[in-house]
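The values are calculated or read from the model by the stated rules, or taken from the named source; none is laboratory data. Keep in mind it's a predicted model, so treat the numbers as computed, not measured. Here Cβ is always computed from backbone atoms with ideal geometry, including for glycine, and neighbour counts include all displayed protein chains.
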Amino acid sequence: MADSLIQNSFDIMNRGKTYGATTDFDAYINRWELKEKEDALYEDRSTLSFTDMLSLMVAQFQNQSIDNQASTTDMMNQLVQMSSMQAMTDMTSNIKELALANVMSYAASLVGKTVTIGVWNEETKELDEIVGVVQGTGTYDGQQVVYLDNGKGYFLNEIMAVGTLPEKVEEDKEPGEGGDETTPTPPAEKPKD
């Protein structure tokens, strides 16, 4: 009994010591700065950034000797290569963002319009045409989708036409009677200006 009393009193005495520790919540700590430091711990260490390259160049110039001088032309070539690689990487990411914005803008422009969706039917082994009005758009698994008035979502690349496709004309002609059954329906003529 005396041992537990001593242990409990020791816990009560030391409880106040941890209050000011850095592990406790402090409103004056910048949480974003801590997150950046934590993210830096998990960065890929196998690649060099532009800042790393500059740090290596400065260290090499600081530690050169009279017998073994650093070549400024080699360093400048490496610096130019690093800056051009950085520029190409930035340009590639900007182009990807621009393409994504264009696809999202196109999908948003379809809201309220009638579209024809082509869905492959495994049972009949034919392409089913689903006609509906686009109610909204979004992304699913990194791809753009449209939601029709039937309550289902379809990928943007499944759209066969904006509007409805013309009905298929089936003729009851025999194959030898001056026409082929497989002749597709010609597109509608353009209006004359």
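Count of segment 110-140 residues, restricted to those that are at pLDDT 90 or above and within 21 Å of the chain's Cα centre (by Cα), is 2. Restricting the first member to segment 59-81 and to residues that are surrounded by 11 or more Cβ atoms within 10 Å (Cβ to Cβ), and the second to residues that are of a type in the set (Ser, Thr, Tyr), the beta-carbon pairs closer than 9 Å and six or more apart or on different chains are Phe61/Thr72.
Quick check on Met104: is it aliphatic (A, V, I, L, M), within 24 Å of the chain's Cα centre (by Cα) and surrounded by 12 or more Cβ atoms within 10 Å (Cβ to Cβ)? It would help to see each step written out before you state the result.
Values: aliphatic (A, V, I, L, M): yes; within 24 Å of the chain's Cα centre (by Cα): yes; surrounded by 12 or more Cβ atoms within 10 Å (Cβ to Cβ): yes.
When the stated conditions are applied, Met104 passes them.
Could you go through segment 165-180 and let me know if any residue there is at pLDDT 85 or above and touching a strand residue (DSSP E or B) at 6+ places or on another chain (Cβ under 7 Å). Within segment 165-180, none of the residues are at pLDDT 85 or above and touching a strand residue (DSSP E or B) at 6+ places or on another chain (Cβ under 7 Å). Take the conditions of a type in the set (Gly, Ala, Ser) and free of Cβ contacts under 8 Å to residues at least 40 places away in the same chain and apply them to Ala107. Does it pass? When the stated conditions are applied, Ala107 does not pass them. Exactly one residue among Gly151, Gly112, Gly138 is free of Cβ contacts under 8 Å to residues at least 12 places away in the same chain, outside any helix (DSSP H, G or I) and more than 30 Å from Met57 (Cα to Cα), and that residue is Gly151.
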